[in-house]
Structure formats: C-alpha cells, structure tokens
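Please read the structure below before turning to the comments.
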Amino acid sequence: MIYLRQLSPSDGRDAYNLFQDIGAEENAFTNPANGMSFEDFKKWLVLQNKWSMNEALPTGFVRQTIYYLVVDNTLVALGKIRHQLTKESRIKGGNIGYAVSNRYRRRGFGTIILGLLLKKADELGINEKLLTVEKYNLSSKRVIEKNGGRLIGENEKRWFFSF
C-alpha cells in the first residue's frame, strides 16, 4: 500500500528517523529538522502543523504542508506543498518539493511522491504548480518530466517546470 500522510504533531521516531536520513540541504530540498534532537523535533512538528493551517507564519512565509510517502507502513520520502508562490519561490524552489531517504533511492519513489503531491495540490485548489531543479540533478529532472512537467525556462543554475 502506497499513500501520502500529512505531518502531525503526534509523529514519532519513524518520522524523526526519516528527517535524519535526508540532508539539511540536499539537492536544494531544505530540511531544517536534520540534526535536531528528538525533543526539538517534537516541538518543530507542532510549529509545522500550525504552518499547514496558515497559523504562526514568519513574515514572508506562506502556508506549507508537509507529507510523508508511506510504502507498506514505512516512511520513505518527504514532500512539501507551498500553497502559494512567492517572488522568491518563483526563482528558487517552486511550490512543490520532495526528497527520498537515501535508503530508498533509485526505486521509483521520487516519481511516485511527486505524482501524489501534484494530485494533492489539485485537491487543495492549487492551480499554479512550479518546480525548479538544479542542473546537476538530472534524476529529479527525469522525475519531473515523467510526471508531465513542462520546461518553461532556465538560468545558469536551474530549470523551471510548470504543471
């Protein structure tokens, strides 16, 4: 069974371990929970849950929801959906991002989580979907293309895809 599960303040060690398996800044995916103690992680989950409800957002931030890709009761990847694009996210990051645990890479989970995140964004009424990918990250470029991403621009560092 494969599905998305939204981050929750009640998440435990399995979620904590997934965040520790993904680097703090891996392939332009920002993971501020990497390196946190479990106690700090639990506090961070509460904050992230508030952000998903559009509460307690820092200045300049937009609503963001984090999801896990669950495969046979195992958390294998993370995904983020920003509910709006900002001037900054149009240049770097877009409004959908994902990262697969090092232990589960090269098994097609990137393609799966991105497809599910795109469907979730549709369900949330997010019409404009933009992903950016660093030019060194050819694997993510292929994942985006497999999910129907249309190349709409590029600069010296990254490609820009729309859905």
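The values are calculated or read from the model by the stated rules, or taken from the named source; none is laboratory data. In this text the structure is predicted, and so the values were computed from the model without any measurement. Here Cβ is always computed from backbone atoms with ideal geometry, including for glycine, and neighbour counts include all displayed protein chains. Surface accessibility is based on the protein's heavy atoms, side chains included, excluding ligands, DNA and RNA. Shrake-Rupley method; radii C 1.70, N 1.55, O 1.52, S 1.80 Å.
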- Task: Select from the stretch 14-41 the residues that are aromatic (Phe, Trp, Tyr) and within 13 Å of Asn102 (Cα to Cα) and list them in ascending order.
- Result: Phe19
- Query: Looking at Arg90, Arg103, Arg82, which one is closer than 16 Å to Ile22 by Cβ and basic (Lys, Arg)?
  - Reply: Arg103
- For the stretch 101-130, enumerate the residues that are without any contact (Cβ under 8 Å) to a residue 40 or more places away in the chain, open to solvent by 20 Å² or more (accessible area, probe 1.4 Å) and in a helix (DSSP H, G or I). Tyr104, Thr111, Lys119, Asp122, Glu123
- How about the stretch 72-107: which of its residues are more than 12 Å from the chain's Cα centre (by Cα), over 16 Å from Asp14 (Cβ atoms) and among the aliphatic types (A, V, I, L, M)? Leu85, Ile91
- Message: If Thr59 meets every condition in (1) under 30 Å from Phe160 (Cβ atoms); (2) not in a loop (DSSP other than H, G, I, E, B) apart from one, which number is that one?
- Response: (2)
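Consider Gly35 carefully, then state whether it is on the phi > 0 side of the Ramachandran plot, modelled with pLDDT of 95 or more and outside any strand (DSSP E or B).
Working: on the phi > 0 side of the Ramachandran plot: yes; modelled with pLDDT of 95 or more: yes; outside any strand (DSSP E or B): yes.
For Gly35, the condition - on the phi > 0 side of the Ramachandran plot, modelled with pLDDT of 95 or more and outside any strand (DSSP E or B) - is met.
Please go through the stretch 24-53 and pick out each residue that is farther than 22 Å from Leu116 by Cβ, touching a residue at least 12 places away in the same chain (Cβ under 8 Å) and open to solvent by 10 Å² or more (accessible area, probe 1.4 Å). Working first, answer last.
Initial filter on the stretch 24-53 (farther than 22 Å from Leu116 by Cβ): 24-25, 32, 34-44, 46-47, 50.
Going one step further and asking which of them are touching a residue at least 12 places away in the same chain (Cβ under 8 Å), we end up with 32, 34-36, 38, 41-42, 44, 46.
Those that are farther than 22 Å from Leu116 by Cβ, touching a residue at least 12 places away in the same chain (Cβ under 8 Å) and open to solvent by 10 Å² or more (accessible area, probe 1.4 Å): Pro32, Asn34, Gly35, Met36, Phe38, Lys42, Trp44, Val46.
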- Query: Within the stretch 67-100, which residues are open to solvent by 40 Å² or more (accessible area, probe 1.4 Å), of a type outside the set (Asp, Glu) and within 21 Å of Lys135 (Cα to Cα)?
  - Reply: Lys87, Arg90, Ile91, Lys92
- Message: I'd like to check something: does the stretch 3-19 contain any residue that is open to solvent by less than 20 Å² (accessible area, probe 1.4 Å), assigned to a strand (DSSP E or B) and of a type outside the set (S, T, N, Q)?
- Response: no
- Note on the structure: In the stretch 26-83, residues that are in contact with a strand residue (DSSP E or B) (Cβ under 6 Å, 6 or more places away or on another chain) and among the hydrophobic types (A, V, I, L, M, F, W, C) total 13
